[in-house]
1. For the subset of region B:72-123 comprising residues that are under 12 Å from the mean Cα position of the chain (by Cα) and small (Gly, Ala, Ser), which member is nearest to the other protein chains (Cβ to nearest Cβ)?
2. Kindly establish whether A:GLY391 is at positive phi, more than 11 Å from every other protein chain (Cβ to nearest Cβ) and of a type outside the set (Phe, Trp, Tyr).
3. Pick out the one residue from A:ASP77, A:ASP106 that is at pLDDT below 75, assigned to a helix (DSSP H, G or I) and closer than 27 Å to A:ARG258 by Cβ.
4. Just a yes or no: is a residue in region A:338-345 surrounded by fewer than 14 Cβ atoms within 10 Å (Cβ to Cβ), over 31 Å from the mean Cα position of the chain (by Cα) and at pLDDT 90 or above?
5. Tell me which residues, restricted to region A:390-408, are among the aliphatic types (A, V, I, L, M), within 19 Å of A:GLU312 (Cα to Cα) and in contact with a strand residue (DSSP E or B) (Cβ under 7 Å, 6 or more places away or on another chain).
6. Would you point out the residue of region A:418-465, among those that are under 25 Å from the mean Cα position of the chain (by Cα), at the interface with another protein chain (Cβ under 7 Å from one of its Cβ atoms) and part of a strand (DSSP E or B), that is nearest to B:ARG97 (Cα to Cα)?
7. Give me a count of the residues in region A:149-200 that are under 20 Å from A:LEU269 (Cβ atoms), modelled with pLDDT of 70 or more and β-branched (Val, Ile, Thr).
8. Which of the residues that make up region B:1-60 are within 26 Å of B:ARG112 (Cα to Cα) and in contact with an Asp or Glu (Cβ under 7 Å, 6 or more places away or on another chain)?
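The values are calculated or read from the model by the stated rules, or taken from the named source; none is laboratory data. Quantities reported herein were computed from a predicted structural model and do not represent experimental measurements. Every residue, glycine as well, gets a Cβ built from its backbone with ideal geometry; the counts of neighbours run over all protein chains shown.
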Amino acid sequence: MLAVHPVQEVIRLLPVLIGVLFIGRDGQGQIWSLVGLGIAIAGGLLRWFTTTYQITPTHVRVRRGLLNRRELSVPRDRVRTVDLTARPLQRVLGLSSVVIGTGRSDQDHGVTLDALATAQAARLREELLRRTPTMDERPAGSEITRLVPAWIRFGPFTLSGIATIGVVVGSLANIFNETRIDPEEFGLLDSVIGHFTSAPVALAVLEITVLAAVLVAVLSSIAYVLAYWNFRLVRKDGTLHVTRGLLTTRSTTIELRRLRGAELSEPLLLRAAGGARCLAITTGLRGRAAELGSSVLLPPAPIAEARRVAGEVIGEAAPTTTKLVRHGKRARLRRHTRAFLFAAAVTGILLLLWWFADWSAWPWQAALALFPLGVLLAEDRYRNLGHALLGRRLVFRHGSLVRRRYMLSSDGVIGWVFHRSFFQRRAGLVSLTATTAAGRQHYTSVDIPTAEAVRLAEEASPGMLEPFLVRRP
Amino acid sequence: MTEPVLDLRPPANLVNRRAMLFWATRAALGWLVPLAGELLWLLLADGGLPALIVFFATGVLALTHVTVMPQWRFHVHRWEVTEQVVYTQSGWINQERRIVPVSRIQTVDTERGPVERLFGLANLTVTTASARGPVHIHGLDLETTQRLAADLATRTQATAGDAT
């Protein structure tokens with residue numbers, strides 16, 4: 001039995017303290033900052049005094065709260081994943097956060113223990129997943145893959161830099177606002193603004209585009225390195241073990257018996273560059289964006305490598321490359337109809353605004369480009385649409401802007417949904433959804449011809465549809 | 001001669017006829033809010049001809065919805081519970097068939113809203129380990145719902161494992 005006070009929690013407040021002491025200026029602001037700090041420290045201390053956890057032979061218990069006491073109790077056999085995260089400051093102080101994934105229901109966001117000593121956190125993980133204790137952060141086992149520095153070339157194609165730019169611009173604006181500095185007082189910024197306002201429009205647009213592209217590429221590469229440096233995927237007695245991160249290190253453990261498949265995801269740019277990433281489909285990690293980070297089995301890397309890793313993880317290589325069954329000309333027509341209707345609607349609205357609301361003509365003229373683009377997109381979406389069943393492995397693929405290939409164990413399918421819209425019924429198509437307790441919770445293949453969908457579901461779950469099958473002449 | 005085409009037959013059982021009244025009532029209640037708003041616009045804010053047109057258009061739409069939708073739904077909504085699976089069909093413009101094996105069921109709930117109580121109806125909800133997997137059977141009479149729930153609950157207990 002193990003019972004510990006996470007003493008180190010208060011240290012999380014250090015940066016706030018430093019910030020207030022050094023950045024604070026004269027006047028009202030500082031007083032309020034100090035009051036805020038006081039409350040934060042009191043809150044932190046309170047949290048520290050009132051949070052306890054306990055690992056018993058059967059349960060993980062966390063008690064927290066002073067007035068509103070909450071006790072979380074999770075049966076240990078429901079623990080499916082254990083995530084260790086160490087942010088830079090935590091690493092300096094030798095601490096890690098532990099997130100215990102249970103995957104029970106949506107309300108249950110798992111159990112989080114902030115700021116345990118790293119060695120203790122590692123021991124906790126070993127104990128929870130019933131492995132022999134080891135202090136080593138890099139466990140032995142058969143290594144499936146590790147980061148090759150050349151993969152950083154895929155960084156710019158992930159576009160994660162756009163989010164970074166947003167954050168940077170946001171915090172800069174905030175700083176200017178807080179410190180009441182007029183951006184125009186800055187010589188550099190002033191001359192940059194002056195340059196763009198005096199240059200011809202076309203040139204300025206070109207310059208800004210190039211600048212933004214370079215900025216996004218550089219920041220995306222940096223984000224790639226920060227997130228995936230030292231990436232390593234290891235298989236070790238019944239678990240998959242992922243470690244990664246340059247400043248914030250993360251280490252995720254996934255039990256193989258919880259694994260229901262793998263996903264290959266190729267955002268358009270990454271696909272153009274010949275790259276893909278690989279994600280785990282596993283129970284205990286929900287499909288929510290925040291948790292998708294925990295299911296990364298391979299960062300953006302060459303597609304061949306992504307296929308190899310997916311094949312190794314699910315134990316068979318065929319589903320990663322097999323040719324898929326296309327959905328036929330009606331599915332293709334629906335892709336094209338949708339793209340056309342979208343382009344027509346946008347152009348139509350802009351045309352009306354030009355006609356009645358005195359908008360300039362160039363928006364609807366520019367919108368005309370949506371028609372040829374729509375044809376390309378629709379054709380690509382159709383070509384990427386496909387499904388297959390290889391033994392006990394269900395394969396769905398769809399998407400163009402982000403192409404995804406799901407390779408799902410048919411034993412992990414816990415229900416089928418046949419969805420037919422009004423127009424799908426007329427075209428004799430259905431969207432077939434396999435529901436599962438893993439990953440995104442549901443995997444859909446749109447616009448399969450009805451008979452094919454029924455055959456697929458029946459073969460994937462033998463006997464389940466049997467009593468309801470009919471043959472129409 | 002073309003080959004016979006594989007298809008699923010719809011589930012065997014219709015829902016209770018009173019469900020039509022329930023759906024109509026619920027739809028009518030939903031339309032009350034926009035209609036009341038438009039009436040206020042017409043009378044108090046003196047909306048004139050545009051308000052009158054909008055009011056009548058909404059009224060016609062509401063009337064069509066309230067009369068057509070329940071009957072359409074009644075012809076679509078079906079359910080069947082066998083030894084192995086729970087099989088439902090629902091919807092009207094967009095339709096859906098759901099199949100869940102009894103062995104993967106985690107919880108069986110019955111629920112009744114205020115309007116449903118008025119018509120003596122109840123819903124049966126069957127959940128699985130998938131957040132996207134619940135199966136609802138709407139518009140059953142209370143007795144059938146309770147019988148089904150009790151039956152499924154006992155059969156679910158008999159299966160081992162955590163049904164993922």
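1. By that ranking, first place goes to B:GLY91.
2. Yes.
3. Going through A:ASP77, A:ASP106 in turn, just one is at pLDDT below 75, assigned to a helix (DSSP H, G or I) and closer than 27 Å to A:ARG258 by Cβ: A:ASP77.
4. Yes, region A:338-345 contains a residue that is surrounded by fewer than 14 Cβ atoms within 10 Å (Cβ to Cβ), over 31 Å from the mean Cα position of the chain (by Cα) and at pLDDT 90 or above.
5. Residues of region A:390-408 among the aliphatic types (A, V, I, L, M): A:390, A:394-395, A:401-402, A:407-408.
Then keep just the ones that are within 19 Å of A:GLU312 (Cα to Cα); that gives A:390, A:394-395, A:407-408.
Once the filter is applied, which keeps residues that are among the aliphatic types (A, V, I, L, M), within 19 Å of A:GLU312 (Cα to Cα) and in contact with a strand residue (DSSP E or B) (Cβ under 7 Å, 6 or more places away or on another chain), region A:390-408 yields A:LEU394, A:VAL395, A:MET407, A:LEU408.
6. So, considering only residues that are under 25 Å from the mean Cα position of the chain (by Cα), at the interface with another protein chain (Cβ under 7 Å from one of its Cβ atoms) and part of a strand (DSSP E or B), the one nearest to B:ARG97 (Cα to Cα) is A:THR435.
7. Here the count works out to 4.
8. B:PRO11, B:ALA12, B:ASN13, B:ASN16, B:PHE22
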